[in-house]
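Contents: one structure, followed by commentary.
The values are calculated or read from the model by the stated rules, or taken from the named source; none is laboratory data. Because the structure is a prediction, the values reported are computed rather than measured. A quick note on method: Cβ atoms are made from the backbone with ideal geometry, for glycine too, and the neighbour counts reach across all protein chains shown. To get the accessible areas, we keep the full protein, side chains included, count just its heavy atoms, and leave off ligands, DNA and RNA. Shrake-Rupley method; radii C 1.70, N 1.55, O 1.52, S 1.80 Å.
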Amino acid sequence: MKWMDDAGLACATTWARGPCRTVYTSSMRFQRTVRVGDLVEVRARLAFTGETHMNITVELVSGDLRTGQMEKTAEALVVLVSVDQDGRPVRVDTWTPETPGEMALASSARAQFDNTRPAPI
């Protein structure tokens, strides 16, 4: 789970071009366990931007080093807020989805966030 949070943080920090803080993790789903010796890859992508927050989808895949066969292992939605040096939220650039897949991802992430929204920051 830490790797997934770290990947989300890296994605958000790159988009915001500054420090971010995780404020919410939702829908952590595990499809299978990571076996000892498995290769693990974590993928994070921007799914939606609000005024100061970013919804990042994170996927963990793992598999056998010998065969290279990788399987989805876990997924989550992570919400991070861009902050200034004093820890106060700051605006982020708006991300506009362009492809049908990005539009579906943004719609799903926004709906999920709206349905389980944490207290305002």
Which angle between 0 and 90 degrees, to the nearest 10, do you get for helix 100-115 versus the longest principal axis of the chain when only C-alpha atoms count?
70
Once you sort the root eigenvalues of the Cα gyration tensor of the chain as a ≥ b ≥ c, which label holds: rounded (a/c under 1.5), prolate (a/b larger than b/c) or oblate (the other case)?
prolate
For the chain, modelled as a Gaussian network with Cα springs under 10 Å, which listed residue fluctuates most, 41, 98, 71?
98
Residue by residue through the stretch 58-72, the couplings from Karplus 6.51 cos²θ - 1.76 cosθ + 1.60 with θ = phi - 60°, in Hz, x for Gly and Pro, are 10, 10, 10, 10, 8, x, 6, 4, 6, 9, x, 6, 10, 10, 4
Angle between the chain longest axis and helix 2-16 axis [Cα atoms, degrees, rounded to 10]:
40
Highest GNM mean-square fluctuation among 111, 76, 12, for the chain with Cα springs under 10 Å, belongs to 111
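Excluding residue 74 itself, what net charge comes from residues whose Cβ is under 14 Å from its Cβ, given Lys and Arg +1 and Asp and Glu -1?
It works out to a net charge of -1.
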Relative contact order of the chain: what whole-number percent is it, with Cα pairs under 8 angstrom and at least 6 residues apart?
29
For the stretch 49-111, give the percent of accessible area contributed by carbon and sulfur heavy atoms, probe 1.4 Å, rounded to a whole number.
47
Using a/c under 1.5 as the rounded threshold, could you call the stretch 1-58 rounded, prolate or oblate? The axes a ≥ b ≥ c are square roots of the C-alpha gyration tensor eigenvalues, and prolate needs a/b larger than b/c, oblate otherwise.
prolate
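From the helices alone, meaning DSSP H stretches of at least four residues, give me the mean residue ellipticity at 222 nm for the chain, per-run term -39500 (n - 2.57), in deg cm²/dmol to the nearest 500.
After summing the helix terms and dividing by residue count, I get -8500 deg cm²/dmol.
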